[in-house]
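Here's the structure, in structure tokens; my notes come after.
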There are 2 protein chains.
Amino acid sequence: MATGARLENISIVLVETQIPENIGSVARAMDNMGVRRLVLVEPKNCDLTRILRPATGSSVDVVEQMEVFADFKEALGPFQYVVGTTARIGAHRPSMTQPRRLAYDIIPISQENQVAIVFGPEDSGLTNEHLRYCHSIATIPTARFPSLNLAQAVMIFCYELFMASIDTEPRSVPRLANRFELEGMYEHMADVLKKIGFINPQNPEHWMLSIRRFLSRLPLRAGEVRLIRGICRQMNWYTDQYEKEKNRKGR
Amino acid sequence: MATGARLENISIVLVETQIPENIGSVARAMDNMGVRRLVLVEPKNCDLTRILRPATGSSVDVVEQMEVFADFKEALGPFQYVVGTTARIGAHRPSMTQPRRLAYDIIPISQENQVAIVFGPEDSGLTNEHLRYCHSIATIPTARFPSLNLAQAVMIFCYELFMASIDTEPRSVPRLANRFELEGMYEHMADVLKKIGFINPQNPEHWMLSIRRFLSRLPLRAGEVRLIRGICRQMNWYTDQYEKEKNRKGR
């Protein structure tokens, strides 16, 4: 039996999984390594008989307790820290890490925060749109053929998390902002940055992407999000004053 | 692309595998991590169509180049270092290790020696009889349900080997004895130890098992095997002299 840090705040999130047997194999890998929370987003086929085929032993419980969502953002709402996994390396992607380093980073965060590790569909992986919501992106090092079987990729992450959990002194990290809080903050910022003319209303995403990338380099704490939103509120008040002034002068 | 130590002298040996798709999944996991040599011993079902189903990309080459043996000892003959894998922990088993520690031990050995990592059948694993031929035994740490899917277990070993190979300065270890040389030595010893009355001819395995366990704690070099056999030859000569003497006196 494992002693050490807990893994119960870590969830595996599978996005648009195509083959139901892969979901069962993922559940078994998770169960082997003591990761118990499975979240499905828009599974393409959710045939429970086929899911349960490779899910032996106590991994049946993982399948029975899994949650299914129709919307990616909705599913990620409650999480304070989100990790995207990908086989591809692209220019527009936040900082890359590997499962081993990631596991040692995540164990302390997960003692007080909900952490999601997100895997894309078998054939195509996560899109850039998905990865925009991730604090960090992890890639499994490979020798040549970079595309791993989904359940084998999940196994490597869960194995590294378990190895780190038995190796790590439990320590804690202050509560991080969850995705709802972060998205609220980004909307607030986009709104205010448009008002002050920093952002071109025709192409608002260009600068927001850079801001997201910058603010995702280290996971924001809930208090920091409150601080940023306080500044946004103040800027908003200021722009309102300015507009009023212009209107008054224009009269 | 990986730089660092080579993995080409490392083979995955699957004993009495029951499900052909598992063989294909093993090939894919190996290929991902740059381990290319697959050996099957007495596969229960070797349907190539089913084997190839999960073997995507260049893992097809691994399947096409795999070797199939009818006999366990025959298959292990050419290997200088043999690792058994098991989920069970038993009293009569040699020293236990974990995939991570094992990988760092094996990379230097494998630069000049053939190394086999052996996996048993899906339902029951390797027997004590199989494990007797192994220099070391490795178990994957797990949280609770100890039985891993075969291909996922192979993936963890190959992943750790790959991680160790990119982390390890290539260094070399003198040529180790292969299984043929070791079995020849053990037979020679058993023969001579019976003659001198150390071993009870009614139950020869009892002491031989302890000797095997002792001599497997560290991998024997070819020169060391030659030395031990030299001693056996000398003892043989001595017992022959003694027998002759007894017969002469008895006359």
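The values are calculated or read from the model by the stated rules, or taken from the named source; none is laboratory data. All of these numbers come straight from a predicted model, not from anything done at the bench. Counting neighbours? That spans all protein chains shown, and the Cβs are built from the backbone with ideal geometry, glycine included.
Quick look at the numbers
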quantity: Residues located in segment B:184-199, provided they are in a helix (DSSP H, G or I) and touching a Phe, Trp or Tyr at 6+ places or on another chain (Cβ under 8 Å); calculated: B:Leu193
quantity: Every residue from segment A:16-26 that is within 14 Å of chain B (Cβ to nearest Cβ), surrounded by fewer than 21 Cβ atoms within 10 Å (Cβ to Cβ) and either hydroxyl-bearing (Ser, Thr, Tyr) or outside any loop (DSSP other than H, G, I, E, B) (or both); calculated: A:Glu21
quantity: In segment A:27-63, residue farthest from the other protein chains (Cβ to nearest Cβ) [restricted to those that are assigned to a loop (DSSP other than H, G, I, E, B) and among the basic types (Lys, Arg)]; calculated: A:Lys44
quantity: Where a residue in segment A:192-203 is in contact (Cβ under 8 Å) with a residue 24 or more places away in the chain and its partner, wherever it lies, is surrounded by 12 or more Cβ atoms within 10 Å (Cβ to Cβ), with Cβ under 6 Å and at least six apart; calculated: A:Val192/A:Cys232; A:Val192/A:Met235; A:Val192/A:Asn236; A:Lys195/A:Thr239
quantity: Residues located in segment A:127-157, provided they are more than 30 Å from B:Arg144 (Cα to Cα) and not in a loop (DSSP other than H, G, I, E, B); calculated: A:Asn128, A:Glu129, A:His130, A:Leu131
quantity: Selection from segment B:27-53 of residues that are under 19 Å from B:Ser110 (Cβ atoms) and surrounded by fewer than 22 Cβ atoms within 10 Å (Cβ to Cβ); calculated: B:Gly34, B:Arg36, B:Arg37, B:Val39
quantity: Test: residue in segment A:165-175 that is closer than 30 Å to A:Ile51 by Cβ and within 14 Å of chain B (Cβ to nearest Cβ); calculated: yes
quantity: Test result for B:Leu218, more than 14 Å from every other protein chain (Cβ to nearest Cβ), modelled with pLDDT under 85 and within 16 Å of the chain's Cα centre (by Cα); calculated: yes
quantity: Selected residue (criterion: farthest from the other protein chains (Cβ to nearest Cβ)) from residues of segment A:106-145 that are among the aromatic types (Phe, Trp, Tyr) and under 21 Å from B:Phe162 (Cβ atoms); calculated: A:Phe119
quantity: Condition met for A:Val13 (of a type in the set (Val, Ile, Thr), within 10 Å of chain B (Cβ to nearest Cβ) and surrounded by 23 or more Cβ atoms within 10 Å (Cβ to Cβ)); calculated: no
quantity: Lone unmet requirement of (1) assigned by TED's automatic domain parsing to the domain that holds B:Asn32; (2) within 20 Å of the chain's Cα centre (by Cα); (3) part of a helix (DSSP H, G or I) for B:Leu209; calculated: (1)
quantity: Any chance A:Glu160 is part of a loop (DSSP other than H, G, I, E, B), farther than 30 Å from A:Tyr242 by Cβ, touching a helix residue (DSSP H, G or I) at 6+ places or on another chain (Cβ under 6 Å) and not β-branched (Val, Ile, Thr); calculated: no
quantity: Segment A:93-128, subset touching a helix residue (DSSP H, G or I) at 6+ places or on another chain (Cβ under 8 Å) and charged (D, E, K, R), residue surrounded by the most Cβ atoms within 10 Å (Cβ to Cβ); calculated: A:Arg100
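Results for (1) at pLDDT 95 or above; (2) farther than 19 Å from A:Asn178 by Cβ; (3) more than 14 Å from the chain's Cα centre (by Cα), shown as yes or no for each residue.
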residue	(1), (2), (3)
A:Met1	no, yes, yes
A:Leu14	yes, yes, no
A:Ile23	yes, yes, yes
A:Pro43	yes, yes, yes
A:Cys46	no, yes, yes
A:Ser59	no, yes, yes
A:Val63	yes, yes, yes
A:Ile89	no, yes, yes
A:Tyr104	no, yes, yes
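Yes/no per residue for (1) in the same structural domain as B:Gln152 (by TED's automatic domain parsing); (2) aliphatic (A, V, I, L, M); (3) more than 18 Å from B:Ile117 (Cβ to Cβ):
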{"position": "B:Asn22", "(1), (2), (3)": "yes, no, no"}
{"position": "B:Ser25", "(1), (2), (3)": "yes, no, no"}
{"position": "B:Asp31", "(1), (2), (3)": "yes, no, no"}
{"position": "B:Leu40", "(1), (2), (3)": "yes, yes, no"}
{"position": "B:Asp47", "(1), (2), (3)": "yes, no, yes"}
{"position": "B:Leu52", "(1), (2), (3)": "yes, yes, yes"}
{"position": "B:Ser58", "(1), (2), (3)": "yes, no, yes"}
{"position": "B:Glu67", "(1), (2), (3)": "yes, no, no"}
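Let's see how each residue does on (1) surrounded by fewer than 16 Cβ atoms within 10 Å (Cβ to Cβ); (2) in contact with a helix residue (DSSP H, G or I) (Cβ under 8 Å, 6 or more places away or on another chain); (3) not hydrophobic (A, V, I, L, M, F, W, C):
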{"position": "B:Ala190", "(1), (2), (3)": "no, yes, no"}
{"position": "B:Asn200", "(1), (2), (3)": "yes, yes, yes"}
{"position": "B:Gly223", "(1), (2), (3)": "yes, no, yes"}
{"position": "B:Ile231", "(1), (2), (3)": "yes, no, no"}
